[in-house]
1. Is it fair to say GLU483 is surrounded by 14 or more Cβ atoms within 10 Å (Cβ to Cβ) and either under 25 Å from GLN438 (Cα atoms) or at pLDDT 90 or above (or both)?
2. Say whether the condition of being touching a strand residue (DSSP E or B) at 6+ places or on another chain (Cβ under 8 Å) and outside any loop (DSSP other than H, G, I, E, B) is met by at least one residue in segment 436-443.
3. If you go through segment 205-217 one residue at a time, do you hit one that is crowded, with 22+ Cβ neighbours inside 10 Å, under 24 Å from the mean Cα position of the chain (by Cα), farther than 15 Å from PRO400 by Cβ and of a type in the set (D, E, K, R)?
4. Quick test for you: out of THR530, THR505, pick the one residue that is β-branched (Val, Ile, Thr) and at pLDDT below 55.
5. Determine if segment 591-601 includes at least one residue that is without any contact (Cβ under 8 Å) to a residue 12 or more places away in the chain, in a loop (DSSP other than H, G, I, E, B) and not small (Gly, Ala, Ser).
6. Does VAL496 meet the test of being part of a helix (DSSP H, G or I), at pLDDT 95 or above and surrounded by 19 or more Cβ atoms within 10 Å (Cβ to Cβ)?
7. Yes or no: ALA17 exposed (fewer than 14 other Cβ atoms within 10 Å of the Cβ), small (Gly, Ala, Ser) and either out of contact with any strand residue (DSSP E or B) (no Cβ under 6 Å at 6 or more places or on another chain) or at pLDDT below 50 (or both)?
8. Quick one: would you say THR397 is over 26 Å from ALA497 (Cα atoms), touching a Gly at 6+ places or on another chain (Cβ under 9 Å) and modelled with pLDDT of 85 or more?
Amino acid sequence: MSGRKGKDDVADAIGGAAPAAPPPPAHLARVLRNFIADGAGIWRRGDAGPDGEQRRDWVSDPVELLTETRDADGKNWGLLLRWRDRDGRQHEEIVPREWLDAEGTTLRAMLAAGGLTLSPRPEAKKNLVAYLSALCGQRRATVVETGGWHDIAGRRVFMLGGNALGVPGGAVLLAPAARDDGVFQQAGTLESWRGAVAARAIGNSRLVLAISAAFAAPLLHLLGEDGFGVHFQGKSRAGKTTLLRAAASAAGGSVAQGAAGFVRAWRATGNGLESVAGQHCDCLLTLDEIGQVDERELGGIADMLANGQGKARATRQGTARAPLRWRTLFLSTGEISLAQAITEGRRTVRAGMAVRMLDIPAEPRRGSGAFEVWSIDGGAAELARALAEAARQNFGTALPVFLAKLLAELGQDAEGYVKAADVGRLAEQWAPAGCDAQVRSVARRLALIAVAGEEASEWEITGWPRGEATRAAKICFDDWLRERGGAGAAEDMQAVAQFRAFISTHGSARFTDWIPAREREAMNHDEIATDRPTDTLSPERMRILNRAGWRRKDPAPHGGEVWTYFLTAEGMRDALTGLSFRDAVTVLLREGLLVPAGTKPSKPYSVPGWGSVRLYQVAPDVLADADQYG
């Protein structure tokens, strides 16, 4: 909590936050009588000297107890301490009581790192532990590990940065693992933000969607929805970072950087993003430039953020500690898509990833860069510059108002959020008839963002006309569906695209030419299908490495000739790497890319020079209409 705005008022806030705690037990009071705490520090009373004056052994500079802390289950007790460092700066930290062991090594290390001057004498170490162990706060505060929604003593509470909405100030605190690092600060007013940022988004589908996402994140829990991400993909200088800063300006920022301070970089490890996600639980998380992350970790990080659970870890005693949990809606940018980034890391793209992190083109079909319209001289470039400047001066005022309205509407006893029906209705309207469940899931997620944007407009937060957020989300959904290539199952589309790519890429490199017997006789050569290079063989019949099968020239239906490919079982498995083999083969048969062999997908063929080989026959028009599947 070091450096947090308003820290001088913490003690007063805590004082009115909860009923007074019971008085300290008598045995603890006796321990405390052995110490003196004054403006000069903490002292241990000693025996009287020869002159009759009582000795005092110095322990440390002054340390003040603000309140005792514990979690909502009455566990993990601690002390919220306050002190000043040698420069006079004030620090506040929650010290777990488990650190108050005999030596207090971890405790002293943390206090020393915070600038507190400590006595180096061995007995002073024990005295510090004894003094802090005996302290009993007059008040209690509940500590939570993540931001977002919490149920505290039957009350609905939203932790936004270091501020708990819905309870008196100081009654709920954020744990050190997910502490407020100053990105939920405010500047400007709601009116100035509405005019400088939100008003300029009208007519721009990507801007409206991004800003609406800031209001949608708190609705995930209320609607029982999982976390997910939206990835804006587009070329450099298309305005992608402007989208993130505009969205961030609704939620927070920092005094030093404005809304840009709210935007995180993808350049982080999964472990590093866990605590960030915990702080942004039920809030928007913005991640810029996906190209900075290790491609080998990207898929796992995206899944982790959407699934809302970190790694299991051990406590200092070696026992299991519950993993950190969160819900978040994250916005991302990059010049390449999620699938491209994962593929570059030589990892398999699973269909579920595309549902948990939606690839949406950053550039609409009409307009310039990320913008469709701009009511400002200088065009799209000037609009981007104006938005960046506006987000630097106006941030963090919209989301607190939205949450206050939301808490007032919900009440403390509300079971659910009444807008769930609107989300379902929009999703049903948008999803094509007979579409795959994955498409319906994406439609529901973008519909949730639309409903949140409409709610913010109804509460006079954005100033947008009715239907603006819905229109923007529908445009983005249609563009997502178009980029996807259809409304079928992603696994089926991936099987078709991957198989076609394999044939197109390896047609002459991994398939041995199938030379019929009549041609052999004409060539007066003993070998029919060969992979042994000789001076008499054509280039097409050079050595084949890692053979996937054979290819044969057959008459084309409309004249001429066409290659017919035959794959071995090993070749088929190679072509369908990363997919369910049986399911993918079924899809290829259904789509007409494989020629069925009766009731089976393959059959034995007599390959000249090789004898009987069981092969999968590929349809001659395997590459026809390839664009349909990307």
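The values are calculated or read from the model by the stated rules, or taken from the named source; none is laboratory data. Computed from a prediction, not measured in an experiment: that's the story for all the values here. Virtual Cβ from ideal backbone geometry, glycine too; neighbours counted across all protein chains shown.
1. On the way: surrounded by 14 or more Cβ atoms within 10 Å (Cβ to Cβ): yes; either under 25 Å from GLN438 (Cα atoms) or at pLDDT 90 or above (or both): yes.
So GLU483 passes the test.
2. Kept after step one, since they are touching a strand residue (DSSP E or B) at 6+ places or on another chain (Cβ under 8 Å), are these residues of segment 436-443: 442.
Imposing the further condition that a residue be outside any loop (DSSP other than H, G, I, E, B) reduces the set to 442.
Scanning segment 436-443 turns up at least one residue that is touching a strand residue (DSSP E or B) at 6+ places or on another chain (Cβ under 8 Å) and outside any loop (DSSP other than H, G, I, E, B).
3. yes
4. Working: THR505 fails: at pLDDT below 55.
From the options THR530, THR505, the qualifying one is THR530.
5. Let us first name the residues in segment 591-601 that are without any contact (Cβ under 8 Å) to a residue 12 or more places away in the chain, namely 596, 598-600.
Now narrow it down to the ones that are in a loop (DSSP other than H, G, I, E, B): 596, 598-599.
Subset that is not small (Gly, Ala, Ser): 596, 599.
Looking through segment 591-601, at least one residue is without any contact (Cβ under 8 Å) to a residue 12 or more places away in the chain, in a loop (DSSP other than H, G, I, E, B) and not small (Gly, Ala, Ser).
6. On the way: part of a helix (DSSP H, G or I): yes; at pLDDT 95 or above: no; surrounded by 19 or more Cβ atoms within 10 Å (Cβ to Cβ): yes.
Criteria not met by VAL496.
7. Values: exposed (fewer than 14 other Cβ atoms within 10 Å of the Cβ): no; small (Gly, Ala, Ser): yes; either out of contact with any strand residue (DSSP E or B) (no Cβ under 6 Å at 6 or more places or on another chain) or at pLDDT below 50 (or both): yes.
In short, no.
8. Details: over 26 Å from ALA497 (Cα atoms): yes; touching a Gly at 6+ places or on another chain (Cβ under 9 Å): yes; modelled with pLDDT of 85 or more: yes.
Criteria met by THR397.
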